[in-house]
Ligand SMILES: [Zn+2]
């Protein structure tokens, strides 16, 4: 009625049935077994949770603004918008800009040796800033109009109670996992579980994505079905492989075509701040391969951090 809100989707009469069926199947498979317990944690949590999890510090994307037309871009998305010819040209112009500065020239030639020089240059703070000045804004076409890149946190902020000051800030959870970690001890003792065991939940999460795209694939409000499986550190490889196989089989059991399913292992240098290993299960949609599930070895990062920040032993 009001044109909708970008990155937020409503499910209609048929869509909601499909959604409920998927959730129901998942819930049955994941929780109707001895070694996994169910949970429904709240969306608003103590703000310290997100300091401990690293989200306040690390859950950010570098962003630039165009000073001319005020358009805002995520740096990685902006670089995807630039074609090969323009990239080469920008890199050549950058060469002139760094001439005379031996340190930058050295970094520049190192970046050129890599597989993707353009991205390598962007990753360096000083070189990246200079490269941005060689790029035309995709919206207004002007050059030399980008601000320096700033970190933009993807968590939605709001205030608890009547006073809107910094002491009252809370976040809409950007992932359901933290609700599982902070309830780890409660669940373990109340359900009399011993390692290895898991905790599963289905719930809403929110991320203030700058660029929403691909239909339901990057939205600002979304639902996660998530299970965290707690194990002894020495068994991590064994259980990681077990769940990889188990979860792929689940999609096959739903009747999905085998040839349209595959793993996409994340390269080490692209892993999230908490992960030791990560893979996506991908499905081949009409528009190409897309992630339908992620499996991560998060090590003891989360429980360690919550021990540190809460002073309680987990
Ligand atoms: Zn512009």
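Coordinate-derived values only; no laboratory data. These numbers were taken from a predicted model, which means no experiment stands behind them. Quick reminder, even Gly has a Cβ in these numbers, built from the backbone with ideal geometry, and neighbours come from all protein chains shown.
Distance in nm between label sites at residue 166 and residue 85, each 7 Å beyond Cα in the beta-carbon direction?
Taking the simple label geometry, residue 166 and residue 85 are separated by 5.0 nm.
Quote the FRET efficiency, to the nearest 0.05, computed for residue 35 versus residue 266 with a Förster distance R0 of 22 Å and r equal to the Cβ-Cβ distance.
Values: r = 26 Å, r/R0 = 1.20.
Calculated transfer efficiency: 0.25.
Given axes a ≥ b ≥ c from the Cα gyration tensor, I'd like to know whether the range 1-82 is rounded (a/c under 1.5), prolate (a/b larger than b/c) or oblate. Can you show the working numbers first?
Working: a/c = 2.55, a/b = 1.51, b/c = 1.69.
Here the range 1-82 falls in the oblate category.
Tell me, what is the percent relative contact order of the chain, built from C-alpha pairs under 8 Å that lie six or more residues apart?
On the way: 409 pairs, mean separation 60.2, N = 314.
About 19 percent, as a whole number.
Just from its helices, what would the mean residue ellipticity at 222 nm be for the chain, if runs of 4 or more DSSP H residues each count -39500 (n - 2.57) and the sum is divided by every residue, rounded to the nearest 500 deg cm²/dmol? Kindly include the intermediate steps, with their values, before the conclusion.
Details: 12 runs with 117 residues, N = 314.
Roughly -11000 deg cm²/dmol at 222 nm, from the helical runs in the chain.
What's the center-to-center distance, using Cα atoms, between the range 1-40 and the range 45-88 in Å?
When both Cα centres are located, 29 Å separates them.
Which of rounded, prolate, oblate describes the chain, given a ≥ b ≥ c as roots of the alpha-carbon gyration tensor eigenvalues and a/c under 1.5 marking rounded, otherwise prolate only if a/b is larger than b/c?
Working: a/c = 1.70, a/b = 1.64, b/c = 1.03.
In terms of gyration-tensor shape, prolate.
Over the range 181-233, what is the relative contact order in whole percent, taking alpha-carbon pairs under 8 Å and six or more residues apart? Write out the running numbers ahead of the final one.
Numbers: 57 pairs, mean separation 21.5, N = 53.
41 percent.
Semi-axes of the equivalent ellipsoid for the range 61-153, please: Cα gyration tensor eigenvalues, times 5, square-rooted, ordered largest first, whole Å. Mind showing how you got there, number by number?
Details: eigenvalues 89, 37, 32 Å².
So the equivalent ellipsoid measures 21, 14, 13 Å along its semi-axes.
For helix 236-253, what angle does its Cα long axis make with the longest principal axis of the chain, in degrees from 0 to 90 and rounded to 10?
80
For the range 257-314, what are the per-bin percents of Cα-Cα distances with bins 5 Å wide, up to the bin holding the maximum?
It works out to 4, 17, 19, 15, 14, 11, 8, 5, 4, 2, in whole percents.
Helix 301-310 sits at what angle to the longest principal axis of the chain, using alpha carbons and giving 0 to 90 degrees rounded to 10?
That works out to roughly 80 degrees.
From the P(r) of the range 101-237, could you give the percentage of C-alpha pairs in the tail past 23 Å? Intermediate values should be presented prior to the final figure.
Details: 5920 of 9316 pairs.
Across the range 101-237, Cα pairs with separations above 23 Å total 64 percent.
Order these by the 10 Å Cβ neighbour count, fewest first: 219, 279. Walk me through the intermediate numbers first.
Numbers: 219 18, 279 21.
If I rank by nearby Cβ atoms, fewest first, I get 219, 279.
Could you tell me the relative contact order of the range 61-153? Use alpha-carbon pairs under 8 Å, at least six residues apart, and round to a whole percent.
40
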